[in-house]
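The next block holds one structure in the form of structure tokens; read it before the comments.
The values are calculated or read from the model by the stated rules, or taken from the named source; none is laboratory data. Everything numeric here is computed off the predicted structure, so don't read it as measured data. For neighbour counting, all protein chains shown are included, and Cβ atoms are generated from backbone atoms with ideal geometry for every residue, glycine included.
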């Protein structure tokens, strides 16, 4: 099998690499400028320096703003090392960050049980002691049961990995934060590298999020500040679901094809009880058999040593699959930079994702399609750290190939959709923002550094509220769109539309998916109809333009003869609508309607299809077509805003006999809604 790989060049910017006189990087200085805000929400990529930003803010609040205590809460103990005592004055700051040993409830020697940690937090809260304490989310949640919210007055409560919150009623951490926000004398700081969840729940309700001053630092901005990393590769590789006699699980053959000795590698194997997993311990043994012959376990570090089959060199493997004392020893040992430098491979199930700090990691292999885009961001974030000598980082998702069996084909198609969503996600977070204009003119590079495009028929947002949303929530809304397609009806719903029909899929995305995401995020009445339309247009441009720009650059960079990929095959072109839009982009005559016809899923699907044999590709396409179905009343309701817009613009309702696929789809939705209304009236009478 081949690997469908897309590569992204990292554009370095010397200005973004500067550190100011206080020792702060660009993101930290941006947060520092908002230090007087009672509540701060930092949306910044993994490994961008959020923990140190908290230190700066906490110290200023405790020294200058009347705050007495700071509590930093992390999801799990292994992440807490980021908040240990740190000397800041050496780099220019006024104070050092210090955590007393007894208040570091996540340190290596903090082997107390949970009950004693809760008591330690309660003691800290109820005493006159000032300073900082570090604990886990669970310790904070449990302690909150035993005190009134007023105990947290004059405290700064910092929540790392803020996306663990949820508006769901049973999310205890979310309930804690809601209570804290209701007290004006309590300060709250949230930090997250992926302000969205793997499920459909929002992190915060709009009325609660509005109490935060939001500081956003994008993945693209972070990459600009790098010195070494020059390229990021995002790939997908298929494995056969037919297990060989000597294989612990079907995907092991794929690992054998992908493993590259000499690269600092993280391998995430499937979770037990998933369709990809057979026996995690046997799978670990099979993977290490690919690596080399076992030598011994280093008792001081817990690392497993192997003699590499291909090079003969010693390979040190961190085994986070086994749940024994060696794993704890290895976790603690890897906090030492000298030990960390020795590690060659990490094999894990759920660990080594958020908060895992191994800057040298350059290659990630993840088995199985991840339903949570949050996990994708976190895993890719592990290998995209800047590190001396590391010029390239690669993430490969290993997923099952389609077979003729109906159930397996359906699973494979849905996995393909998840993989495509992951590709589009990374394209969104790695790509720069675009500046869209409505006045006449071509495209060019502005002083702001943003690529500017003139779009006919586009009206730039006038509403200050929409401008604020785009400034703070643009990426989260784009991710919500991908999650909606990825997680709704699966193969028989959006998946069939977006993968099987370019025009209908494009129309469904812009007229159903985007309005649905806006309505879910911003409740009824929060935005006017004009503001919703301004936001819809901007999000549609943001979602579709990266594919158009990428195709335009491809056309400029290579002529037809250069398209040979090295094995005698011609590279496949994206969907027709993307190609046509790219041509218009070149001549500066791109319209809003043309961009709206682009289905970004089709372009990503065609790239992914390069890794599938023609026979398998035919299976997938036939299965999608067979499973496409008519619209439900619920889906029809999502088209209602688009029907209203059509009538306002054309002075009539959409016609079911129109030559336009989009108009026929609106007419079908209208007919379903009218029939449903008639049935409802009949039942009422």
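Here's the yes/no breakdown for (1) surrounded by 14 or more Cβ atoms within 10 Å (Cβ to Cβ); (2) at pLDDT 70 or above:
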| position | (1), (2) |
| --- | --- |
| 417 | yes, no |
| 423 | yes, yes |
| 445 | no, no |
| 456 | yes, yes |
| 469 | yes, yes |
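Of the residues 26, 10, 31, the single one that is in contact (Cβ under 8 Å) with a residue 40 or more places away in the chain, within 24 Å of the chain's Cα centre (by Cα) and not assigned by TED's automatic domain parsing to the domain that holds residue 140 is 10.
Here residue 242 passes the criteria (1) at pLDDT 85 or above; (2) within 28 Å of residue 415 (Cα to Cα); (3) surrounded by fewer than 22 Cβ atoms within 10 Å (Cβ to Cβ) except the one numbered (1).
Yes/no per residue for (1) without any contact (Cβ under 8 Å) to a residue 40 or more places away in the chain; (2) surrounded by fewer than 19 Cβ atoms within 10 Å (Cβ to Cβ); (3) closer than 15 Å to residue 78 by Cα:
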residue	(1), (2), (3)
314	yes, yes, no
340	yes, yes, yes
344	no, no, no
347	no, no, no
360	no, yes, no
369	no, no, no
376	no, no, no
384	no, no, no
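Of all the criteria given as (1) touching a helix residue (DSSP H, G or I) at 6+ places or on another chain (Cβ under 6 Å); (2) surrounded by fewer than 18 Cβ atoms within 10 Å (Cβ to Cβ); (3) at pLDDT 85 or above, the one not satisfied by residue 262 is (1).
Going by the structure shown, is residue 296 touching a residue at least 24 places away in the same chain (Cβ under 8 Å) and either assigned by TED's automatic domain parsing to the domain that holds residue 384 or crowded, with 23+ Cβ neighbours inside 10 Å (or both)?
Answer is no for this residue.
Could you check how many residues of the stretch 23-38 are outside any helix (DSSP H, G or I) and out of contact with any helix residue (DSSP H, G or I) (no Cβ under 7 Å at 6 or more places or on another chain)?
Count: 6.
Of all the residues in the stretch 269-312, those that are touching a helix residue (DSSP H, G or I) at 6+ places or on another chain (Cβ under 8 Å) and in a strand (DSSP E or B) number 5. Exactly one residue out of 485, 517 is closer than 24 Å to residue 637 by Cβ, crowded, with 18+ Cβ neighbours inside 10 Å, at pLDDT below 80 and in contact with a helix residue (DSSP H, G or I) (Cβ under 6 Å, 6 or more places away or on another chain), and it is 485.
The condition (being farther than 20 Å from residue 513 by Cα, surrounded by 14 or more Cβ atoms within 10 Å (Cβ to Cβ), at pLDDT 75 or above and within 28 Å of the chain's Cα centre (by Cα)) is satisfied by just one residue among 596, 611, 581: 581.
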